[in-house]
Every structure is written in C-alpha cells, then in structure tokens.
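**Q** Supplied in structure tokens, the structure appears directly below.
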Amino acid sequence: MPKSKSAYSIPTKKQKPDTYIFVVWVDNEAGVLARVVGLFSGRGYNIESLAVAEVDAVKNISRITIVTTGTPQVIDQIRLQLTKLVPVHKVAEFKREDKGVIFKEMALFKVVGKRNKIEKCLNACKKFNPVILDETKTSAVIQITALRREIDKMNKKLKPLGLISTSRTGAVAMTRGAKIFN
Amino acid sequence: MPKLFTGAEIVFKCLEDQKVEHIFGYPGGAVLPIYDELKNHPSIKHILVRHEQGAGHAAEGYARSSGKPGVILVTSGPGATNVVTALTDAYMDSVPLVCISGQVPTHLIGTDAFQECDTTGITRPCTKHNWLVKDINDLSKVMHEAFTVATTGRPGPVLVDIPKDVQFAKTKYKKPNKEKKLNGKSHNKFSQDQIDELVKLLSKAKKPIIYSGGGVINSGPKASQALREFVDLTGFPITSTLQGLGAYPGDDSQFLGMLGMHGTYEANNAMHDCDLLINIGARFDDRITGKIDEFSPNSKKVHIDIDPSSINKIIKVDLAIVGDVSSVISKINKTIIKNKNGHSKSNKSNIAKWWEKIEKWRGKNSLNFVNSDESIKPQYAVQRLYELTKNKDTYVTTEVGQHQMWAAQHYKFNKPNRWMTSGGLGTMGYGLPAAVGVQIAHPEKLVIDIAGEASVLMTMQEMSTAVQYNLPVKIFILNNQYMGMVRQWQELLHEKNYSESYSEALPNFMKMAEAYGCKGIKADNPSDLDYKIQEMIDYDGPVIFDCHVDPNENCFPMIPSGKPHNQMILGPNDQEENKIKGKGKALV
C-alpha cells in the first residue's frame, strides 16, 4: 500500500449496500423538501426515486417516500438524521424485500403506431392494470402501476411496439393489513 | 383592542423575554428598522463588530463561556454570507447561536434585488434549523421557537431571516409558551436497566478508561461536577477530547491528558489497550479515532450522548445511553453508591495493574520538548503563561494550528467553560473575536487568546471592537512566521516542500497595536518572557503580545495519518533514543 500523505484516515472495508424505502411525514411548509433532499446530498446518501405530496390538509402533513441504497449503518444514520430535522414528525424505513409492505410506481407510456401495435402494447401490460387515458387513430397513452423493475422491463419491451415517451413517478409505499406505522 | 407592535419591536420583545443581554452585530440596509428600535431597549446591549464573521465567533465565545445562547444580528446579502463560517463552526462544535438576519422586502425576494441572497438556502446545511418569516403573524412564534431549537437537545446555531417589510408590519405580540413543544426531538429517556448494565460493566472491567467530550461542557457545570464524582467513585483513568478540556481538572492524577492526533502517549495507549471504553458526550471524531479498523480493538464500548445520530455513526458500540450527560452520570453515581452499600469493596483493586501500566506510559513524558536558552520554545511560552495565570480564573481561546495544540497540551484547565476553541471546523481566526465575546460575558475576568500570527491576521479587525468597548483581552501570539501546522505536515509528509506556508511581509505587531490604540508587547528572549507576560496580565486594557518563537518547532506527540493509537510519533528526545528507522525516518 502506498504511504498516505493525507491527514484523514484511509477508507475501511465496505459492507454490501441494500435497497431501502424511507417514508417521512413532514410539515408541509416552504423548504421542507429541500431540507430532506439536502440532507441526502450533503451527507452523500443516494436517492433512487422520490415521491412527495400532501396527505393531510387539516394537519398540514406531507408524506415523502424515498428509495435509497446503503449499508445497514448508513441506513441507520439516514433514519436518525432525518428524525433530527425540525419539521419531520416520523420516519419509517422498509427493506425492498419486505413482504409486509406494498411498493408501487406509476408510469405513463405514449405509444404511436397502428391499431394492432397499440393492442399488442396493452396486451403486454395486462398484468399491471393498464388504463387507456387518451386514444387517437394513431396513438395511445397507457397508464400502468407496477414495481420499479417491472416498469423498467415494460419500458424495454414496448420500444419496438412504438413507445415514444415514458413518464414515471417515484415509488410510494403502504403497509399491508390493518396496522399503520407509528 | 390589544396593542400592536412592529416586527422590529417584536424582535426585541422576544429577545427580552428570552433574557438576552448582549447581541453582536453589524447594521445594514435590510435590518435598519431593527437597529432603529435598539434605543428603546436599554436592557439589551449591542456590540458592534468590524466584520460579521467576528460577530459570529464573538457570539460563540459568549455562549461557550456563559452557557447562554449567543445572539447575532446582521443584514441581508453579504452580512448573512459573512456569518456562514461562524454558523458552520457553531454547528460542528454544538454551540447555541441565534442569528437574526435582515432580508429584502418580501415582494422583491427572488428578483436579485440589491443585497439579496437566498439566506435560508445558504445556511440550511450549517444550522439546526432556519426560518424565513414572510408573515408578521408568525414572527413571535418563530423567534421563541428559534431559542428553543438552539438550546435544547444537542445545541446548535439557528437563523431567522426577516424581510424588511415584515420588520415594519404590525401585529400582536405572543409570549413564549411555558411548555416547550419538543416534537420528539428531546432525548432524555434512558432507562434504569441501561444504567444497571453499565454499572455491571464497570464492576467487571480490568482495564477501563473514560473518554469525555464537549457534551459534558454543554450539559452545564452540574455535569462536570457529576463527572468528577463518577471518576472519584470508580477510580478509573480519564482522558478528554479537545472540546472537553476543563470538565475534569487538568492537573488531577487520574487525568491522562488529551487524547487523539496530538494527545498524550498514555491517553492514546490506554484507549488502544483498554477493555472498557466509556465515551461521555464525545462523538468519535476522526482526529480522535485514527484508523477505525484498529480503534480500541479489544474493548466493550459504551456511548453516552444526547444526540441519537451520534450513536454508531463511526464506531459501533455495545451499550448506548441516549440522554443528557448530567442526568445520566448522576443516575450512574447514585446506582454505584447504592450498590456499594451491599459490598463495600469497589473494583479499584481490580484495576491496580492497569494503573501500573498507565504510569509506565506516563513515564515517557510525551509532552516533553527540548528547551532552549536562546530562542523561546512555543511549548515553554504556553507553560509560562499557564504558571503565571493559573491562580486567576482565566478564560482561554485559541485560533487553529500548532499553537492550539500546544495550548491544549500545556495549559491545564480546572473548570468547564474556560476553554474556547474551534475543534470540528478548525476555523483560523476564531480566537480573537471569541475572546471579545468571552470578555463581554465575563468583564472582570482575565481572557487570553493564545494565537498564531497567521490565524490572528484573519480576524485582526476585531481588535477595534475590543478597543471600542475597552475589553482587556490579551492576544498572545506565538509568532513563528509560518502557518506552523501546514509547515509541519509539509515537513513530515511532503518532503519539506514548504509550499506557500511561510508568511513574508508580516506586519509589525507592535505598530499594529499602536494603530488600534491598544498596548503592544514583544518578546524574543526566554529570559524576558516571565516579566513580559506579567506586564501583559497587569495591563488594564487590550494587549497584543508578539511572542517570537522557534520557527522550526513541531507539535508532538502525534498519530501519523492512517495509524492506530498505539503507533504514535514522539518528540525529538525520544526519537534520539529510539533511532527510528525506515518508514518512520521520513516522519522525524
């Protein structure tokens, strides 16, 4: 190993990162998203996707869902750092493999082509609750809801069938059963 | 109908209700309404600085030495950006500050107006929280919340940005809520089970060490008292971080000195070899741990901290107690005393061997240096300063660099809140304005800034503040003409390529003192040092002391980069004896 000339220590061996989904309940106020996102970028955490919207207009609460990757130690830090932010009420985190939680993303596909190609597209999307939102003689906008990797797959699959534009959301999450996270 | 107040009046009503006595600031266009209101509030004294960074550091010195939050008032744009360094410094070292900044009127926000900047955007990563108050009706609530956030939990800086039109607008004033809404941000809910578990670990330990930090100071004088009792009850050795100095008496025999990169041989070796490590209010900073993989490899680790995000951030611990240091240690002490009634024997005999080992390390006398008759050694200067001021209740601030480490090594602090230094951020230029703030909080006390000539030039303008308010701060400059710590690293690690670390054309500090209207003293001979220091202490007014020291002196002992605690480099005496070979040679 070459001699270090740095006043800082050398990075130590890394654990394997996993994918986690964070759900953060925050006061819906100016700058709150910047605080959460700034925490991630400032401390070098990763954001794979992000979804945010107000969920309680009376209490003025927004719910932010962030998909991130990190080692267990980093994930712990993310939760603890998020909890410290003043407008944050509570933080929940789930492993992507968690069977007790539903994760969903939505995608809009614009397909241009003849009727039979659009039909093929719809057929291919069958498993993911396809809804036609707009239709002309030569085009269609199809909405599906699915997991991230499923949408990735469909995105590839529909290209040869006339897919010209994709728009998709970040993941949102909800626990299964009657219980809610507290 | 209740009386209506302007935003500027509300700011002062809040400050009065928060019992603020001093604010450090600098006026400008966007805060003029607040400055206009100042005259109506005689209980609040404004200290006019010469640069907003100086206001920030002065407020830090004020806060650290008094335990009260420091308050800063600056204008928009450059006023706010100038204070960013001080806010970041306070954030890293957990100092409670409330910074009030002016902002352009709300209708001009976002239009690149004169002296406009995105203050809340810029300060978001360097404050605990910040607010842009766009509605006058939110102002009193936000101001009170600002003080709550700054002072509760792990303390830190906050900023309230107030547009000029809001300062003019009128509304009702709301008093602070007696009951503080903590929003789950308070963490003082440790359990007796955790305490019992710790006490069990204490009784089993054969090679224990206590490692205390700035959290003890932040928790107040009671915490230091409890820590002293705890150390006395257990008979354990104790070491301290840079920020924790003074929490435990520096001249006590159970105190091993500071640990870390420039810590003592005994403290670092004890950290490495111990079987029980009790971290009280410290954060396993990288200047403390050295190489993480080999940090204290065979110990059970306990971490007591008020900030849950400090736990397991860098070092995995076996037992974490999240709570206020003062209440946690008091609880531990009570439990120990209660248990002792059962069995009269403590485990002091268990650790007798451990103390023998520590005494052996201590025998190395790692803070040793080769003194000289011809030139003043910087360590000697700090030692003499300590000897001549130890009987007064002296407050010491520092800049950042070699002089800071020498001050930490050779000046022994016996009380908390007497030592103000920039540790986390390492801000050169911290010490002089901080000394100004300390002197404001303690007008009758002796306040010394142990400085380096490079650092002190960064905020030298605040001498003007010291002279204006007749603050008798003593600026004790260890002048070696180099950015000493930079030079030392270049000598040890960059083949003596002293790239840009020599200050040519240094000012004549005697003339500088004269120009500012304070006293200048110069010393370049060891035999003159004592009476000149005495002259400085006796002078009733600010002094710039230009102490010319050996320019080539290095700060030892030190842990070289990427090494564990037990591989320290010692000073020149020891190096002669041991004839360091090979790789080590480059480091001598």
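The values are calculated or read from the model by the stated rules, or taken from the named source; none is laboratory data. Computed from a prediction, not measured in an experiment: that's the story for all the values here. Every residue, glycine among them, receives a Cβ derived from its backbone with ideal geometry; neighbour counts consider all protein chains shown.
**Q** Is it the case that some residue within region A:22-45 is surrounded by 15 or more Cβ atoms within 10 Å (Cβ to Cβ), away from every other protein chain (no Cβ under 14 Å) and outside any loop (DSSP other than H, G, I, E, B)?
**A** yes
**Q** A further question on this structure: Only one residue in B:Val133, B:Val149 is of a type in the set (Val, Ile, Thr), over 30 Å from B:Ala270 (Cα atoms) and over 21 Å from the mean Cα position of the chain (by Cα), so which one is that?
**A** Just a single option satisfies the conditions, and that option is B:Val133.
**Q** Exactly one condition in (1) in a helix (DSSP H, G or I); (2) surrounded by fewer than 17 Cβ atoms within 10 Å (Cβ to Cβ); (3) of a type in the set (Phe, Trp, Tyr) is not met by B:Tyr173; state its number.
**A** All conditions pass for B:Tyr173, except number (1).
**Q** Please determine, by comparing only the residues of region B:286-316 that are among the β-branched types (Val, Ile, Thr) and surrounded by fewer than 19 Cβ atoms within 10 Å (Cβ to Cβ), which one is farthest from A:Val86 (Cα to Cα).
**A** By that ranking, first place goes to B:Ile292.
**Q** If you go through region B:326-339 one residue at a time, how many are modelled with pLDDT under 95, touching a helix residue (DSSP H, G or I) at 6+ places or on another chain (Cβ under 8 Å) and not polar (S, T, N, Q)?
**A** 2
**Q** Return the only residue of B:Cys126, B:Cys117 being more than 21 Å from B:Phe12 (Cα to Cα), crowded, with 16+ Cβ neighbours inside 10 Å, within 11 Å of chain A (Cβ to nearest Cβ) and at pLDDT 95 or above.
**A** B:Cys126
Every residue, every condition in (1) out of contact with any helix residue (DSSP H, G or I) (no Cβ under 6 Å at 6 or more places or on another chain); (2) at pLDDT 95 or above; (3) buried (at least 20 other Cβ atoms within 10 Å of the Cβ), yes or no:
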site	(1), (2), (3)
A:Ile61	yes, yes, no
A:Ile66	yes, yes, yes
A:Thr71	yes, no, no
A:Arg79	yes, yes, no
A:Leu82	yes, yes, yes
A:Asp98	yes, no, no
A:Phe103	yes, no, no
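**Q** Could we say that B:Asp161 is buried (at least 24 other Cβ atoms within 10 Å of the Cβ) and either within 11 Å of chain A (Cβ to nearest Cβ) or closer than 17 Å to B:Glu9 by Cα (or both) here?
**A** yes
**Q** Something else about it: Go through region B:46-94 residue by residue and tally those that are of a type in the set (A, V, I, L, M, F, W, C), over 21 Å from B:Val400 (Cα atoms) and without any contact (Cβ under 8 Å) to a residue 60 or more places away in the chain.
**A** Residues that pass the stated criteria total 4.
**Q** With the structure loaded, tell me whether B:Val158 is in contact (Cβ under 8 Å) with a residue 40 or more places away in the chain and in a strand (DSSP E or B) or whether it fails that test.
**A** It is true that B:Val158 is in contact (Cβ under 8 Å) with a residue 40 or more places away in the chain and in a strand (DSSP E or B).
**Q** Still on this structure: Filtering region B:383-404 down to residues that are surrounded by fewer than 24 Cβ atoms within 10 Å (Cβ to Cβ) and in contact with a His (Cβ under 7 Å, 6 or more places away or on another chain), which residue is farthest from B:Ile217 (Cα to Cα)?
**A** Checking each candidate, the answer is B:Gln383.
**Q** If I ask for residues that are in a helix (DSSP H, G or I) and among the aliphatic types (A, V, I, L, M), which ones from region B:188-239 would you list?
**A** B:Ile195, B:Leu198, B:Val199, B:Leu201, B:Leu202, B:Val216, B:Ile217, B:Ala223, B:Ala226, B:Leu227, B:Val231, B:Leu233, listed by residue number.
**Q** Can you name the residue in region B:553-586 that is at pLDDT below 75 and crowded, with 17+ Cβ neighbours inside 10 Å and is also nearest to the other protein chains (Cβ to nearest Cβ) among such residues?
**A** Only one residue tops the list, namely B:Ser561.
**Q** Further, regarding this structure: Among the residues of region B:450-463, write down those that are buried (at least 19 other Cβ atoms within 10 Å of the Cβ) and touching a Lys or Arg at 6+ places or on another chain (Cβ under 7 Å).
**A** B:Glu462
**Q** Evaluate region B:389-397: report whether one residue or more is more than 30 Å from B:Leu471 (Cβ to Cβ), in a loop (DSSP other than H, G, I, E, B) and out of contact with any Pro (no Cβ under 7 Å at 6 or more places or on another chain).
**A** So far as region B:389-397 goes, no, none of its residues is more than 30 Å from B:Leu471 (Cβ to Cβ), in a loop (DSSP other than H, G, I, E, B) and out of contact with any Pro (no Cβ under 7 Å at 6 or more places or on another chain).
**Q** Now, a different point. Suppose the filter is surrounded by 21 or more Cβ atoms within 10 Å (Cβ to Cβ), closer than 25 Å to B:Arg154 by Cα and more than 13 Å from chain A (Cβ to nearest Cβ); does B:Met258 pass it?
**A** In short, yes.
**Q** Restricting attention to region B:291-310, which residues are of a type outside the set (D, E, K, R) and more than 8 Å from every other protein chain (Cβ to nearest Cβ)?
**A** B:Phe295, B:Ser296, B:Pro297, B:Asn298, B:Ser299, B:Val302, B:His303, B:Ile304, B:Ile306, B:Ser310
**Q** Also, quick follow-up: B:Thr111 is checked against (1) within 13 Å of B:Gly25 (Cα to Cα); (2) more than 33 Å from the chain's Cα centre (by Cα) and fails just one. What number does that condition carry?
**A** For B:Thr111, the failing item is (1).
**Q** Among residues belonging to region B:471-484 that are under 15 Å from B:Met536 (Cα atoms) and of a type outside the set (D, E, K, R), point out the one that is farthest from the other protein chains (Cβ to nearest Cβ).
**A** Ranking the candidates gives B:Pro472 first.
**Q** What tally of residues in region B:485-537 results from selecting those that are in a helix (DSSP H, G or I) and away from chain A (no Cβ under 14 Å)?
**A** 20
**Q** Being under 28 Å from B:Val325 (Cβ atoms), in contact (Cβ under 8 Å) with a residue 60 or more places away in the chain and in contact with a strand residue (DSSP E or B) (Cβ under 6 Å, 6 or more places away or on another chain) is the requirement here; does B:Met420 meet it?
**A** yes
**Q** Further question on the same structure: Look at region A:60-101 and say how many of its residues are assigned to a loop (DSSP other than H, G, I, E, B) and either away from chain B (no Cβ under 14 Å) or free of Cβ contacts under 8 Å to residues at least 40 places away in the same chain (or both).
**A** Residues in region A:60-101 being assigned to a loop (DSSP other than H, G, I, E, B) and either away from chain B (no Cβ under 14 Å) or free of Cβ contacts under 8 Å to residues at least 40 places away in the same chain (or both): 7 in total.
**Q** Regarding region B:32-52, can at least one residue be identified that is small (Gly, Ala, Ser) and surrounded by 24 or more Cβ atoms within 10 Å (Cβ to Cβ)?
**A** The answer is no; no qualifying residue exists.
**Q** Where in region B:270-362 are there helices (runs of 4 or more DSSP H), lying wholly inside it, with at least 2 residues that are of a type in the set (Gly, Ala, Ser)?
**A** Helices (runs of 4 or more DSSP H) meeting the threshold: B:325-342.
**Q** Select, from A:Lys127, A:Lys156, A:Lys137, A:Lys117, the only residue that is surrounded by 13 or more Cβ atoms within 10 Å (Cβ to Cβ) and more than 23 Å from A:Ile64 (Cβ to Cβ).
**A** Answer to the selection: A:Lys117.
**Q** Within region B:90-117, track down each residue that is of a type outside the set (A, V, I, L, M, F, W, C) and part of a strand (DSSP E or B).
**A** Once the filter is applied, which keeps residues that are of a type outside the set (A, V, I, L, M, F, W, C) and part of a strand (DSSP E or B), region B:90-117 yields B:Ser101, B:Gly102, B:Gln103.
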